[in-house]
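Structure first, commentary second.
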2 protein chains.
Amino acid sequence: MTLYSQLADRLREHIKLGFFNNGDKLPSVRQLANEHGVSISTVQEAYRILEMEQLVEARPKSGYFVPQKNHVIRMPKLSRPPQRPLDVSLWEDVLNMLLSREKDAFCQLQHAMPAMHSNTLKPLIKSLYELNKHRPYEGMTYGDVRGDYSLREQLTRLTAASGCVLHPDELVITSGCQEALSVCLKAVTKGGDIIAVESPGFYGAMQAIKAADLKALEIPTDPSNGMSIEALKLALDQWPIKAILVTPTVNNPMGYVMPEEKKKALYQLAQAYDIPIIEDDIYGDMVYEFPRPKSIKSYDEDDRVLLCSSFSKSLAPGFRVGWIAPGRYRDKVTHIKYVNSSMCPTLPQIAIANFIRQGGYDKHIRVMRKQYKDARDETLKEINTYFPKGTLISFPAGGFVLWVELPEQYDAVKLSEQAQTKGVSIAPGQLFSATGKYRNCLRLNFCDRTSEIRLEAIKILGNLLAHMQIQEEKKPRKRIQ
Amino acid sequence: MTLYSQLADRLREHIKLGFFNNGDKLPSVRQLANEHGVSISTVQEAYRILEMEQLVEARPKSGYFVPQKNHVIRMPKLSRPPQRPLDVSLWEDVLNMLLSREKDAFCQLQHAMPAMHSNTLKPLIKSLYELNKHRPYEGMTYGDVRGDYSLREQLTRLTAASGCVLHPDELVITSGCQEALSVCLKAVTKGGDIIAVESPGFYGAMQAIKAADLKALEIPTDPSNGMSIEALKLALDQWPIKAILVTPTVNNPMGYVMPEEKKKALYQLAQAYDIPIIEDDIYGDMVYEFPRPKSIKSYDEDDRVLLCSSFSKSLAPGFRVGWIAPGRYRDKVTHIKYVNSSMCPTLPQIAIANFIRQGGYDKHIRVMRKQYKDARDETLKEINTYFPKGTLISFPAGGFVLWVELPEQYDAVKLSEQAQTKGVSIAPGQLFSATGKYRNCLRLNFCDRTSEIRLEAIKILGNLLAHMQIQEEKKPRKRIQ
Ligand SMILES: Cc1ncc(COP(=O)(O)O)c(C=O)c1O
Ligand SMILES: Cc1ncc(COP(=O)(O)O)c(C=O)c1O
């Protein structure tokens, strides 16, 4: 990444996080150049980008300002979930969403499905069908229950990018990250235990907690940097928490990356209370920034972190290839993986291993990161334009989903139902809570179909919301009459 | 199946079950013809087959006799497991077996892996390759969590052959039968519950019981017709059993088919005690007899049977395509399947659905049943010839594994270790008990490689056993000196 776009990113983030008010003057070009040790032209280039994004205004002779008009995209505030362990509910809603996959939908923004038509995926597709043609029997026998060795070798390379030093024998292949999470939960808990989770958090993990008869303790979570360490510490003091489950690097649904210092602090807390961390890194390689941030696992000096991931977001979910680096829980994890679904199909594993070895993976994710980042910027602006005043939007640092917080009076479940009839699907916020909070929130995918179609879908959602607003405003008046 | 081979089967079974002693005269040709309503020549033909198998001797003018020489293959007796619920142990041994898959082994008799080089599988392999080539995106997206609809439709046809009347919505696709069993166990129990199982029984199910923190109550099981209904009733009276898990149609490891009346009695017992039955039907289509016997599920008037199966034995395990007909537990099963590993890969499902629709499946299993049956007969005779006197062998009614009970003083774990060094692998009996019984037993696959190689492997095992015997006899003498 060039210096100017790095600087632009930093400034953009500060503006979006609300470090400056509307109309505020921004630091001068000279000031920034000194502060960051870069050239004047680098700073000018960075400001030029932000100007294009309508995030800053250049005023002749005066410098750069945050615009007066409320073009600024504001982020949601720290979440305030109930401060006690609760049973996870809402399975029916999750199931309905999983099943609502009408092929003829105009634009599907509800699934966390990556874009899969890039040419950079072609070599993988080809390799898979050629393996099916030339080595079918390898796909037909029972393979290694820990997964194909060549893939585990390549995974030691991939995970090295996040600071991990792993041997192939320290990895277990799973049917996607969902199985990884489910197996890890079972490896470190027993029925009735309490698990600390982010709030909002991924519904698949919430449902795995439910199925394992565990209780979720939702920890207040900051949309810009993740689970509150202070709140987590309070919770650890108050409750017998048995494990912490986090998605710290490109969170689903909010897209933040937990800063390194905070990751370290979280790890130290787990050490102090002697509990394991289940780290979901499924979007880790999809961070726009390069090199990617370190995982919590990279600080894991006493093998208490169970790193879970898959190729579902970086390549394609249908391959169902995920993995666990289970640390000290390896034997238990291997056992549970075996009883859970026995071995995983071999050929997709070999195809992916080849794809990584031949450089195809790195190339593909480089292309996708750029594409997703552009789509994020576009989508943020569009939502800001078409959604009601007072809408807050998360600012994803990677991946292809974002989190929208509508003003209190809106109901995203209603929006979802209405949108469905117009061929647009969204993921209502309450799926991301153990107990149905976040009714005024939604998660949107921003990589389905083309920019044009997505813009159309966002306009449709905006229209529905505008209409809803009117109804909401009318109702009370009627009652008064 | 022709009349004479049906009759030969019945006679063979009676002889093997020990209805006649060595040297006994068998019923006359005329007597049998009357009894079974068949022609004289049919009976003669049946006896001719048994003569070839050295199971009967024709004595001129006197009729047919069981030979004096102990050529008769004797079956193991009713098992006598401990009569109390126990924690399942022996995971390390199972893992070692799963991992001992040296590619260069001369003959692998330890895995329950079907033969997969039949030409009748070619259309399936081709279809899978073509789907991967021409419709890769269907393999790359998240599919239906309940499984591909076209496959579920075809499964309603297949399961109809065992007497089930199912709608596609009453089926959930899983990653093999292992996931099916694991999901069903979780759907009907909670930690600490007791499950009644066969003894010996499939180690994957035993380990699933262990992983779900359940206790196994091994019920005495008859090698010729399955779990003892009387013993089960006693156990139900004595313990709060929460579910019965059985493999009644071609049991693994013993190969028996539980007779219809006994299946009904088992079902009625489950009704009386109001508990579910998890029925593992994975080998159900591999019964040599045609049409195949009914499943317990076919009697399921109140939806308490969870039928589990997969294509791992009929087609190939590497596809990892299994299913559940979960009856009244459908919603819970769907939930647990989702959290367990999310959806299953789509293309193998479509390929198998097409294969069934186009008649490929029926044709394939017809061919395999014949092949396995011939291999069984060969292998039974070889084991009887080369294994020590006093060896008991199960008489599989289908599939491709059998159970051997060596005289008490033999140790199958030792045999397994020694055989491994000679490139032959076997499954030691203790894996099939919750607690390491059956040390003098082993399970053998009889479809790996060619007849010649298998014969070689059985001779190797026989030699090792002969040698072991000598050692065993020597040792006590030494001690006495
Ligand atoms: C944070 C997170 N973890 C896990 C998963 C499950 O991934 P997979 O499809 O690999 O099972 C998802 C998928 O949506 C996810 O977003
Ligand atoms: C009786 C029985 N049930 C279940 C399984 C597991 O089957 P799958 O490979 O389809 O998971 C096996 C495999 O050996 C088996 O023998």
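Checking every residue in the stretch A:356-367 against the condition of being more than 14 Å from every other protein chain (Cβ to nearest Cβ) and at positive phi gives at least one match.
Scanning the stretch B:238-256 for residues that are away from ligand 2 (no atom under 11 Å from the Cβ) and part of a strand (DSSP E or B) yields B:I241, B:K242, B:A243, B:I244. You will find that of B:K332, B:K370, the residue that is surrounded by fewer than 24 Cβ atoms within 10 Å (Cβ to Cβ) and within 14 Å of chain A (Cβ to nearest Cβ) is B:K332 and no other. The residues of the stretch A:42-66 that are surrounded by 12 or more Cβ atoms within 10 Å (Cβ to Cβ) and polar (S, T, N, Q), listed by number, are A:T42, A:Q44, A:Q54. Being small (G, A, S) and within 13 Å of ligand 1 (Cβ to nearest atom) is a property that A:S175 has. Among the residues of the stretch A:176-191, is any modelled with pLDDT under 95 and not charged (D, E, K, R)? Within the stretch A:176-191, one or more residues are modelled with pLDDT under 95 and not charged (D, E, K, R). In the set (1) open to solvent by 30 Å² or more (accessible area, probe 1.4 Å); (2) touching a residue at least 12 places away in the same chain (Cβ under 8 Å), the condition left unmet by A:L11 is number (1).
Identify, please: which residue in the stretch B:294-324 is more than 9 Å from ligand 2 (Cβ to nearest atom) and of a type in the set (K, R) and is, among those, surrounded by the fewest Cβ atoms within 10 Å (Cβ to Cβ)? Per the stated criteria, the residue is B:K294. Taking the criterion of being away from chain B (no Cβ under 12 Å), in contact with a strand residue (DSSP E or B) (Cβ under 9 Å, 6 or more places away or on another chain) and open to solvent by 10 Å² or more (accessible area, probe 1.4 Å), the residues of the stretch A:166-193 that qualify are A:L166, A:E170, A:V188. Summed over the stretch B:92-119, residues that are open to solvent by less than 40 Å² (accessible area, probe 1.4 Å) and at pLDDT below 90 total 6. With the requirement that a residue be within 11 Å of another protein chain (Cβ to nearest Cβ), open to solvent by less than 20 Å² (accessible area, probe 1.4 Å) and either polar (S, T, N, Q) or not in a helix (DSSP H, G or I) (or both), what does the stretch B:194-213 give you? Within the stretch B:194-213, B:Q207 is the sole residue that qualifies. When each of B:L78, B:L109 is tested for being touching a residue at least 60 places away in the same chain (Cβ under 8 Å) and more than 16 Å from ligand 2 (Cβ to nearest atom), the lone residue that passes is B:L78.
Per the listing B:E279, B:E260, the residue uniquely within 13 Å of ligand 2 (Cβ to nearest atom) and touching a Lys or Arg at 6+ places or on another chain (Cβ under 7 Å) is B:E279. Cβ separations smaller than 6 Å between residues 6+ apart or across chains give the following pairs from the stretch A:336-349 residues that are more than 7 Å from chain B (Cβ to nearest Cβ) to residues that are within 10 Å of ligand 2 (Cβ to nearest atom): A:M343/A:Y142. Do you know which of the residues in the stretch A:294-314 that are among the charged types (D, E, K, R) and in contact (Cβ under 8 Å) with a residue 12 or more places away in the chain is nearest to ligand 1 (Cβ to nearest atom)? The residue in question is A:K313. Within the stretch B:127-165, which residues are of a type in the set (K, R), more than 9 Å from chain A (Cβ to nearest Cβ) and open to solvent by 20 Å² or more (accessible area, probe 1.4 Å)? Matches in the stretch B:127-165: B:R135, B:R157.
Take A:A325 and tell me if it is within 10 Å of ligand 1 (Cβ to nearest atom) and at pLDDT 95 or above. Criteria not met by A:A325. Give me the residue from the stretch B:180-229 that is under 24 Å from B:D274 (Cβ atoms) and of a type in the set (K, R) and, out of that set, farthest from the chain's Cα centre (by Cα). Checking each candidate, the answer is B:K190. Take the conditions touching a Phe, Trp or Tyr at 6+ places or on another chain (Cβ under 8 Å), surrounded by fewer than 20 Cβ atoms within 10 Å (Cβ to Cβ), assigned to a helix (DSSP H, G or I) and basic (K, R) and apply them to B:K122. Does it pass? Spelling it out, it is not the case that B:K122 is touching a Phe, Trp or Tyr at 6+ places or on another chain (Cβ under 8 Å), surrounded by fewer than 20 Cβ atoms within 10 Å (Cβ to Cβ), assigned to a helix (DSSP H, G or I) and basic (K, R). For A:I278, the criteria (1) within 17 Å of the chain's Cα centre (by Cα); (2) open to solvent by 40 Å² or more (accessible area, probe 1.4 Å) hold in every case but one, which is (2).
The values are calculated or read from the model by the stated rules, or taken from the named source; none is laboratory data. Bear in mind the structure is a predicted one, so any value in this text is a computation, not a measurement. Here Cβ is always computed from backbone atoms with ideal geometry, including for glycine, and neighbour counts include all displayed protein chains. For the accessible areas, the whole protein counts, side chains as well, though only heavy atoms, and no ligand, DNA or RNA atoms are used. Shrake-Rupley method; radii C 1.70, N 1.55, O 1.52, S 1.80 Å.
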